[in-house]
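The structure under discussion appears below in the form of structure tokens.
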Amino acid sequence: MRTSSASTTSLGRSPVRLSDLLSRGPVVLDGAMGTELDSRGVDTRDPLWSALALTTAPEAVRQVHTDYLEAGARVITTNTYQATLPALLRAGHDAHRAREVIAAGARLAGEATRRFGAEHPEAQVLIAGGLGPYGAYLADGSEYTGVYDVGALDAPVFRDVHLPRIEVLVGEGVDLFALETLPRLDEAQALLAMVKGLAPQAECWISFQVRSDGTRLADGMPLAEAAAWAAQEGMVVAIGINCVAPDVVGRALPVLRAATDKPLVAYPNAGELYDPVTKSWRSAGEEGGLVELAPSWIAAGARLVGGCCRTCPAQIRELAHAVCT
């Protein structure tokens, strides 16, 4: 991608790809964006969630990226999980401005990476274009259930949620994508087809949203079936789960490993439960956290590890120390 190497000072393509990094050992991802912005006083109480900050607090977004890089993350994800054309139009932007907001997600990550690279020329950093699910656009918590109108996957609005965002990110030079928090296999298949059509040389990882038993997607489909499909897709270089409680990871990784020999991905949340009505998190009372459990995930085949909602740069720093030393 044009902004993927910390050793570059322009938007020239990095010679390193995610598959290269994964072949060398565990790679640390970043942590939360939306909840980290909240903790810094940035208001995200909006259907746009963290994407609201692309226009209201871009410096804060850039600083969050920077803090994760300083903490040891070597793959950061653009703040575009909830930045979709229909959502931005709904918020009052025209189509041109909406695309500029999406582009800002890539540009802020690129600026943070270049600044980091000026001080750490030896580091190799990749930027993944963040692609959240249709449920994120709905802003009703349905990415945790997969309960969409079945017809929505064939509707123009489904295409409009995903396709323009991919177009903009490809236009900004992104050729690594994070297809994340996906609660349904059919959506993962549709989304990957869109990426393949616009960026056939891109690499990506796919991470699913799963139930607490770690064996089924949020909509009830067996995780093994979803992993077996992803294993056959050449552009998918890693397969896993995200935004689940840390203890769920240990139950899901054996299921994934039995279905694929590709590198596995794990970036759980901090172990709290999300309430879509109040748009808040509450303790789930689970034992064991990200840093304590990560070595066991590495032993089970995880090669991309990081954090999702309610995780922070301090935890990513501890994680990097735990898995990379």
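The values are calculated or read from the model by the stated rules, or taken from the named source; none is laboratory data. These numbers come from a predicted model, not from an experiment. With ideal geometry, Cβ positions are generated from the backbone for all residues, glycine too; neighbour counts draw on all protein chains shown. The protein model used for the area step is the full one, side chains on, heavy atoms only, and it has no ligands, DNA or RNA in it. Shrake-Rupley method; radii C 1.70, N 1.55, O 1.52, S 1.80 Å.
Couple of notes before you dig in:
- When the residues of the range 201-244 are filtered to those that are assigned to a helix (DSSP H, G or I) and open to solvent by less than 40 Å² (accessible area, probe 1.4 Å), the one that is nearest to Gly151 (Cα to Cα) is Ala226.
- Of all residues in the range 69-108, those that are crowded, with 19+ Cβ neighbours inside 10 Å, outside any helix (DSSP H, G or I) and out of contact with any Lys or Arg (no Cβ under 8 Å at 6 or more places or on another chain) total 9.
- Hey, Val170 part of a helix (DSSP H, G or I), within 24 Å of Val101 (Cα to Cα) and hydrophobic (A, V, I, L, M, F, W, C) or not: yes
- Residue list for the range 28-68, filter: more than 14 Å from Tyr81 (Cα to Cα), among the hydrophobic types (A, V, I, L, M, F, W, C) and in a loop (DSSP other than H, G, I, E, B): Val42, Ala57
- Failed condition for Glu180, given (1) open to solvent by 10 Å² or more (accessible area, probe 1.4 Å); (2) out of contact with any strand residue (DSSP E or B) (no Cβ under 8 Å at 6 or more places or on another chain); (3) not in a helix (DSSP H, G or I): (2)
- Of the set (1) under 16 Å from the mean Cα position of the chain (by Cα); (2) not in a helix (DSSP H, G or I), all apply to Ala123 but (1).
- Residue match in the range 82-94 (condition: closer than 21 Å to Thr44 by Cβ, touching a residue at least 12 places away in the same chain (Cβ under 8 Å) and of a type in the set (Ser, Thr, Tyr)): yes
- Qualifying residue in the range 54-68 (condition: of a type in the set (Ser, Thr, Tyr), at pLDDT below 95 and open to solvent by 50 Å² or more (accessible area, probe 1.4 Å)): no
- Search result, residues across the range 252-273 that are at pLDDT 95 or above, buried (at least 21 other Cβ atoms within 10 Å of the Cβ) and hydrophobic (A, V, I, L, M, F, W, C): Ala252, Leu253, Leu256, Leu264, Val265, Ala266
- Gly173 being surrounded by fewer than 20 Cβ atoms within 10 Å (Cβ to Cβ) and either at pLDDT 95 or above or among the small types (Gly, Ala, Ser) (or both): yes
- Qualifying residue in the range 301-313 (condition: at pLDDT 95 or above, under 11 Å from Ala73 (Cα atoms) and in a loop (DSSP other than H, G, I, E, B)): yes
- Contact map, the range 214-225: residues that are of a type in the set (Ser, Thr, Tyr) paired with residues that are open to solvent by less than 60 Å² (accessible area, probe 1.4 Å), Cβ distance under 9 Å, separation 6+ or inter-chain. Pairs shown: Thr215/Leu223; Thr215/Ala224; Thr215/Ala252; Thr215/Val255.
- Residue check, Leu198 open to solvent by 10 Å² or more (accessible area, probe 1.4 Å), closer than 24 Å to Val16 by Cα and not basic (Lys, Arg): yes
- Which numbered condition Gln189 misses (of (1) in contact with a Leu (Cβ under 7 Å, 6 or more places away or on another chain); (2) in a helix (DSSP H, G or I); (3) open to solvent by 10 Å² or more (accessible area, probe 1.4 Å); (4) of a type outside the set (Phe, Trp, Tyr)): (1)
- Every test in (1) open to solvent by 10 Å² or more (accessible area, probe 1.4 Å); (2) under 22 Å from Ile239 (Cα atoms); (3) not basic (Lys, Arg) is passed by Pro156 save one, and that test is (2).
- Filtered residues of the range 43-53 (kept if touching a residue at least 12 places away in the same chain (Cβ under 8 Å), crowded, with 16+ Cβ neighbours inside 10 Å and touching a Leu at 6+ places or on another chain (Cβ under 8 Å)): Asp46, Leu48, Ser50, Ala51, Ala53
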